[in-house]
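Here is the structure we will look at, set down as structure tokens.
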Amino acid sequence: MFNDIGPLELVTLIVLAVLVFGPDKLPKVIQDVTRTIRKIREFSESAKNDIREELGPEFKDFEFEDLNPKTFIRKQLDNEDLGLKEIRNGFDLKKEMAEVTDAVHGRDSDASSSSAGASGGRIDMTKKPETPDRDNRPPFDADAT
């Protein structure tokens, strides 16, 4: 319940509790708080059981934690029936990136894949684009600026 409280924070809470309630009343306050937490948990469990009974036998595997979107998505992605692991394993990212790079540079993907295979599948992404010559400037449009 309090997994994210560190030792310094715990000591601070204890000191504050002693100062606020005093050493005489502190055990009674702790008993009241634990009794209240216990009653809330019992009420929560009975409400969950009532909901499960009302849903019927087709929802016997229903878990309230599945209502959390993160848990639901994680459970669905881990499901073997969808075949997502086969799809995920079917991608060759290096090959896909080489094809995209070749398409951007306007090269034939078959020729570059054989040359990329000869160099160990490494692509030089640091190559700077060629700058146009001073005589070969792009057209200037005065209205656009």
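The values are calculated or read from the model by the stated rules, or taken from the named source; none is laboratory data. Predicted, not measured: the structure shown is a model, and the values here were computed from it. Cβ: placed from backbone, ideal geometry, glycine included. Neighbour counts: every protein chain shown. Note: areas computed on protein heavy atoms with side chains; ligands, DNA, RNA excluded. Shrake-Rupley method; radii C 1.70, N 1.55, O 1.52, S 1.80 Å.
Go through LEU8, SER44, LEU26 and say which Cα lies farthest out towards the positive end of the charge dipole of the range 1-53; charges sit on Cβ, +1 for Lys and Arg, -1 for Asp and Glu. Farthest towards the positive pole: LEU26. Counting 0.36 nm for each residue step from THR36 to VAL11 and taking away their Cα separation leaves a gain of 6.7 nm. Per residue, the accessible area of the range 12-78 comes to 89 Å², computed with a 1.4 Å probe over protein heavy atoms only.
Given a Förster distance of 35 angstrom, what is the FRET efficiency for MET97 paired with ILE73, based on the Cβ-Cβ distance and rounded to 0.05?
Details: r = 27 Å, r/R0 = 0.77.
That gives a FRET efficiency of 0.85.
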